[in-house]
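K.L.:
I have a structure I would like to understand better, so I am pasting it below and will then ask my questions one at a time.
The values are calculated or read from the model by the stated rules, or taken from the named source; none is laboratory data. Keep in mind it's a predicted model, so treat the numbers as computed, not measured. Cβ placement follows ideal geometry from the backbone for every residue including glycine, while neighbour counts extend to all protein chains displayed. Heads up: the accessible areas ignore ligands, DNA and RNA and are worked out on the full protein's heavy atoms, side chains in. Shrake-Rupley method; radii C 1.70, N 1.55, O 1.52, S 1.80 Å.
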Protein chains: 2
Amino acid sequence: MPSLSEDELIARFFAPLAGSAGLGLADDAALLAMPPGHELVLTTDMLAAGVHFFADDPPGAIARKALRVNLSDLAAKGAAPSGFLLSLGLPQDWTEEWLAAFAAALGEDAKAYACPLLGGDTVRSPAGLTLSITALGAVPDGGMIRRTGVAEGDLLYVTGTIGDAALGMRLHRGDETDRVWISCLDSASRTHLRDRYLLPQPRLGLAEALRSSARAAMDISDGLAGDLAKMLRLAGMTADIGLGDVPLSDAARQALAQEPDLAATILSGGDDYEVLCAVPPAKAAAFEALAGQAGIAATALGRARRGDSPPIFRTGRGPVAFSALSYQHF
Amino acid sequence: MPSLSEDELIARFFAPLAGSAGLGLADDAALLAMPPGHELVLTTDMLAAGVHFFADDPPGAIARKALRVNLSDLAAKGAAPSGFLLSLGLPQDWTEEWLAAFAAALGEDAKAYACPLLGGDTVRSPAGLTLSITALGAVPDGGMIRRTGVAEGDLLYVTGTIGDAALGMRLHRGDETDRVWISCLDSASRTHLRDRYLLPQPRLGLAEALRSSARAAMDISDGLAGDLAKMLRLAGMTADIGLGDVPLSDAARQALAQEPDLAATILSGGDDYEVLCAVPPAKAAAFEALAGQAGIAATALGRARRGDSPPIFRTGRGPVAFSALSYQHF
């Protein structure tokens, strides 16, 4: 454990990441003026070693993932990032090298996503590395897209591809039961799945499309099946989705062809950090056009219909059977 | 470990604490409208078992402390609380009984301090209980009191009494070396010191006095000696303080009379969560009157003067010697 005081640690590693609202991280608090006519959108996510990442994941990947899972929430709400606060619990065996790599990557992402560090807290965490990030964003007054409000007949869209991260996690873990399908993937596919597990891509570019066209939205963090069920249940809706209509990467397709039972992992394994939204049919063309202009693939899965049961995902062999619709946190 | 899903856990224990901005904790994010003409003040603190509290401290005390240390930062900045977000990492052996007591106490404090729960995240924390709270407050535009800006001749004030929590922590730990002074305390004094360690009292009532009269302020979390040194150093100032001018509780006085070496613990042990501020002499009377109206004791320790060295605390036996000016986080 290096012999740095907390102040030295902040000055060396984190002050360079601070935006003007962070006051150089030399005060007790940050000070943020909201742009007129805007409301504040707030989200927080905690990540713990052994649960949300492996302790030996690259420090830069841990930093980026912690920030990006929060940015993904802002993206799904139609918000533009304003900044973030970081609470960092460092284990006994932390090194300056580890922290330098962590802070450098965090700084790169903060810059790339125009989301400066506003403040934070750094503590000892005897139990192991733990991080919590609170991200703030701004939406025009009344512009935040809620999770509630899906209406009958709305088109259900997802961005990007589904299931890559969940497969990437199994690949990373490398259990014996997964040996066959993993061995059938080419090297580019393995890299793709691993990257998708390590590095979420928050869909911040979708904000305008969501605000102008979506009736409801959320980010997919616990798996498409469970998160879609949550969004639909709030509105008394359900849906029938064909597995063939769920956008999959080439790598996920290869894996699924080899091992059809991976459908449940793809749909419920979580860590996708894609946006799921409901768009009225009259606005679908405009939504797709705006998403396309932002360079974000948006795929219609199906339509919402009245019903109490969770959505069904159908394959040629029948409905996909899940042991659980979502990643289970507890 | 109870078999509750994260959603059930949130609905049962935390949704009752949510303010309207928290959207019933059923969305990905909270939505907060700032009052016109106000800026947002943000602060975050992480607490880990074995560092900031003992794992067997009462769950309600852990909850209250986590919220109150953040409210103390808002108080020192002259801000009024708007709400908070909670990240909670639960150890493997959590129980519903523990969580119910934690949430009930948190809810009582959220109500008492008009600081509703806006959102949060609950995760497994294999390494042990870890919490992070981000608190938000509002100040009139330009009204936040910074830590910087102490001027020569400013009176240095502290609220409440100093050192109780640091003594309370040693009392709680009960090391053999502390046996003599602890055994000389009466039962009321022991209870007082323990309570001050377990339950900080954020001085939110001081906000108006600070905004109208203080040039600089911070909350004392790492000990008066180190925190005063930080505030003065930012302005190129120092001070000579008589230990007799530092406000002490009767319990701390008893302990100090028994064991004069406790002066260093009292001044540098931390966990006071009192406000330290610098007030121009012309505003001192108004400051004291407003603090008095708020029912908060404010004691002048001395005056700021130019100088590079840390402030000195003098007793009849000479300056207090510190092994470290502040609680050392690392």
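K.L.:
In chain B, what % of DSSP beta bridges are antiparallel (nearest 5)? Before the final figure, lay out each step's value.
P.N.:
Values: 38 of 50 bridges.
That works out to approximately 75 percent antiparallel.
K.L.:
Just for the protein assembly as shown, what percent of DSSP beta bridges are antiparallel, to the closest 5?
P.N.:
Values: 82 of 106 bridges.
Within the protein assembly as shown, antiparallel bridges account for around 75 percent of the total.
K.L.:
Looking only at B:Pro202, B:Pro319, B:Pro81, which one moves most when chain B is put into a Gaussian network model with springs between Cα atoms under 10 Å?
P.N.:
Checking each option, the largest mean-square fluctuation is seen for B:Pro319.
K.L.:
At a probe radius of 1.4 Å, what is the per-residue accessible area of A:Glu259, in Å² to the nearest 10?
P.N.:
In the full protein context, A:Glu259 sits at about 60 Å².
K.L.:
Now, a different point. Under a 5 Å amide H to amide H cut-off, with H placed in plane at 1.01 Å, what residues pair with A:Phe313 once short-range neighbours are removed?
P.N.:
The list, which skips near neighbours in sequence, is A:Ile241, A:Val320.
K.L.:
If you don't mind, another one. Compute the Cα gyration tensor for the range B:23-81, then decide on rounded, prolate or oblate, letting a ≥ b ≥ c be the square roots of its eigenvalues: rounded whenever a/c is under 1.5, prolate when a/b is larger than b/c in the other cases, and oblate in all that remain.
P.N.:
Numbers: a/c = 3.02, a/b = 1.57, b/c = 1.92.
Verdict is oblate for the range B:23-81.
K.L.:
Using a 1.4 Å probe on protein heavy atoms, which residues of the range A:18-50 have at least 40 Å² less accessible area in the complex than alone?
P.N.:
Residues shielded by partner chains are A:Ala26, A:Asp27, A:Asp28, A:Ala29, A:Ala30, A:Leu31, A:Leu32, A:Glu39, A:Leu40, A:Leu42, A:Thr44, A:Met46.
K.L.:
Keeping the other protein chains in place, figure out the carbon and sulfur percent of the accessible area of the protein assembly as shown, with a 1.4 Å probe.
P.N.:
On the way: 12310 of 24140 Å².
The value for the protein assembly as shown is 51 percent carbon and sulfur by accessible area.
K.L.:
Summarise the long-distance tail of P(r) for the range A:192-308 by giving the % of C-alpha pairs beyond 18 Å.
P.N.:
Details: 3679 of 6786 pairs.
So the portion of pairs separated by more than 18 Å is 54 percent.
K.L.:
If you rank A:Cys277, A:Cys184 by how much accessible surface each has, with a 1.4 Å probe, what is the order from largest down? Provide the component values of the computation, followed by the final result.
P.N.:
Working: A:Cys277 0, A:Cys184 70 Å².
From most exposed to least exposed: A:Cys184, A:Cys277.
K.L.:
For the range B:155-319, what's the relative contact order in percent, using C-alpha pairs closer than 8 Å and at least 6 residues apart? Each step should come with its number before you reach the end.
P.N.:
Working: 308 pairs, mean separation 73.4, N = 165.
Averaging sequence separation for qualifying contacts and normalising by length gives 44 percent for the range B:155-319.
K.L.:
Then there is this: Which distances, shortest first and in nm, link B:Ala188 to the matching position in the other copies, using label points set 7 Å out along Cα to C-beta?
P.N.:
For B:Ala188, the inter-copy label distances come out at 8.1 nm.
K.L.:
Sorted from largest down, what three extents in whole angstroms do the Cα atoms of the range B:254-330 have along their principal axes?
P.N.:
Here the spans come out as 37, 33, 32 Å, largest first.
K.L.:
Could you derive backbone 3J(HN,Hα) for the range A:50-57 from the dihedral phi with the Karplus parameters 6.51, -1.76 and 1.60 (θ = phi - 60°), listing whole Hz in sequence and x where the residue is Gly or Pro?
P.N.:
Working through the residues one at a time gives x, 10, 9, 7, 8, 4, 9, 4 Hz.
K.L.:
Of A:Pro91, B:Gly128, A:Ala103, which is farthest along the charge dipole of the protein assembly as shown in the positive direction, counting Lys and Arg as +1 and Asp and Glu as -1 at C-beta?
P.N.:
My answer, from the dipole projection, is A:Ala103.
K.L.:
Let me ask something additional. Suppose only helical runs count, i.e. DSSP H with n ≥ 4. What mean residue ellipticity at 222 nm does that imply for chain B under -39500 (n - 2.57) per run, divided by all residues and rounded to the nearest 500 deg cm²/dmol?
P.N.:
Numbers: 11 runs with 110 residues, N = 330.
Taking each H run of at least 4 residues, the total per residue is -10000 deg cm²/dmol.
K.L.:
Given +1 on the Cβ of Lys and Arg, -1 on the Cβ of Asp and Glu, and no further charges, what dipole in debye does the range B:6-140 carry about its Cα centre, rounded to the nearest 20?
P.N.:
On the way: 7 positive and 16 negative charges, 94 e Å.
Charge dipole of the range B:6-140: 460 debye, to the nearest 20.
K.L.:
Then there's this: When only Cα pairs under 8 Å and 6 or more residues apart are kept, what is the percent relative contact order across chain A?
P.N.:
Once divided by the residue count of chain A, the mean separation gives 23 percent.
K.L.:
Here's something else I'd like to know. Dividing the alpha-carbon radius of gyration of the protein assembly as shown by 2.2 N^0.38 Å (N being the number of residues), what value is obtained? Before the final figure, lay out the partial values.
P.N.:
Details: Rg = 26.4 Å, N = 660, 2.2 N^0.38 = 25.9 Å.
For the protein assembly as shown, the normalised Cα radius of gyration is 1.02.
K.L.:
Kindly work out what percent of the DSSP beta bridges joining two residues of the range B:6-140 are antiparallel, to the nearest 5. Please list the in-between numbers first.
P.N.:
Details: 20 of 29 bridges.
Percent antiparallel among DSSP bridges in the range B:6-140 is about 70.
K.L.:
Test of understanding: extend the Cα→C-beta vector of B:Asp56 to 7 Å, then name every residue of the range B:148-176 with backbone N under 12 Å from that spot.
P.N.:
Zone members listed by number: B:173.
K.L.:
Another question about this same structure. With all protein chains present, calculate the accessible area of B:Lys283 using a 1.4 Å probe and round the result to the nearest 10 Å².
P.N.:
Number for this one is 90 Å².
K.L.:
What residue of chain B has the nearest C-beta to the axis that moves B onto A, and what is that distance in Å, given as a whole number?
P.N.:
Result for the B and A rotation: B:Ala127, 1.
K.L.:
Also: Measuring nothing but label to label, 7 Å from Cα along Cα→Cβ, what are A:Glu96's distances to the other copies in nm, shortest first?
P.N.:
Taking the point 7 Å beyond Cα along Cα→Cβ, the inter-copy spacings are 5.1 nm.
K.L.:
Scale the Cα Rg of the range A:156-232 by the rule-of-thumb value 2.2 N^0.38 Å and send over the ratio, two decimals.
P.N.:
Working: Rg = 15.2 Å, N = 77, 2.2 N^0.38 = 11.5 Å.
Here the Cα radius of gyration is 1.33 times the empirical estimate.
K.L.:
Follow-up question, since we're still on this one. On a C-alpha basis, how far is the centre of the range A:263-330 from the centre of the range B:1-53 in Å? Whole number, if you could?
P.N.:
Centre-to-centre (Cα) distance: 27 Å.
K.L.:
So what are the ³J(HN,Hα) numbers for the range A:85-95, from phi and the Karplus equation (6.51, -1.76, 1.60; θ = phi - 60°), rounded to whole Hz, Gly and Pro as x?
P.N.:
10, 10, 9, 10, x, 9, x, 4, 9, 5, 10
K.L.:
Could you pull the Rg and Dmax for chain B, using just the Cα atoms, both in Å?
P.N.:
20.4, 62
K.L.:
Hey, can you grab everything whose amide H is under 5 Å from the amide H of A:Ser5? Only 5+ residues off in sequence or another chain; H modelled, so Pro and N-termini drop out.
P.N.:
It is none; the list stays empty.
K.L.:
Follow-up. What relative contact order, as a whole-number percentage, does the range B:6-140 give when Cα pairs under 8 Å and 6 or more residues apart are counted?
P.N.:
On the way: 243 pairs, mean separation 54.5, N = 135.
Once divided by the residue count of the range B:6-140, the mean separation gives 40 percent.
K.L.:
Shortest first and in nm to one decimal, what separations exist between A:His172 and its copies in the other chains, measuring from label points 7 Å along the Cα-to-beta-carbon line?
P.N.:
Distances between equivalent label points, in nm: 3.5.
K.L.:
Give me the aspartates and glutamates in straight-line cross-link reach of B:Lys283: C-alpha distance below 15 Å, same-chain residues under 8 apart excluded.
P.N.:
Straight-line reach from B:Lys283, under 15 Å: B:Glu152, B:Asp154, B:Glu208.
K.L.:
Under 27 Å Cα-Cα from A:Lys111, which lysines qualify once same-chain neighbours fewer than 8 residues away are excluded?
P.N.:
A:Lys65, A:Lys77
K.L.:
Which residue, B:Gly37, B:Gly153, B:Gly89, has the most motion in a Gaussian network model of chain B that connects Cα atoms within less than 10 Å?
P.N.:
B:Gly37
K.L.:
Also, I was wondering about something else. Mind telling me which of A:Gly307, A:Gly120, A:Gly205 comes out most flexible in a GNM of chain A, alpha-carbon contacts under 10 Å?
P.N.:
With Cα springs under 10 Å in chain A, the top fluctuation among A:Gly307, A:Gly120, A:Gly205 is at A:Gly307.
K.L.:
For a quick check: with amide H placed at 1.01 Å from N, whose amide H comes under 5 Å from A:Ile296's, ignoring anything fewer than 5 positions away on the same chain?
P.N.:
none
K.L.:
Evaluate 2.2 N^0.38 Å with N set to the residue count of the range A:6-140, then give the Cα radius of gyration divided by it. Working shown, then result.
P.N.:
On the way: Rg = 14.4 Å, N = 135, 2.2 N^0.38 = 14.2 Å.
The reported ratio for this selection is 1.01.
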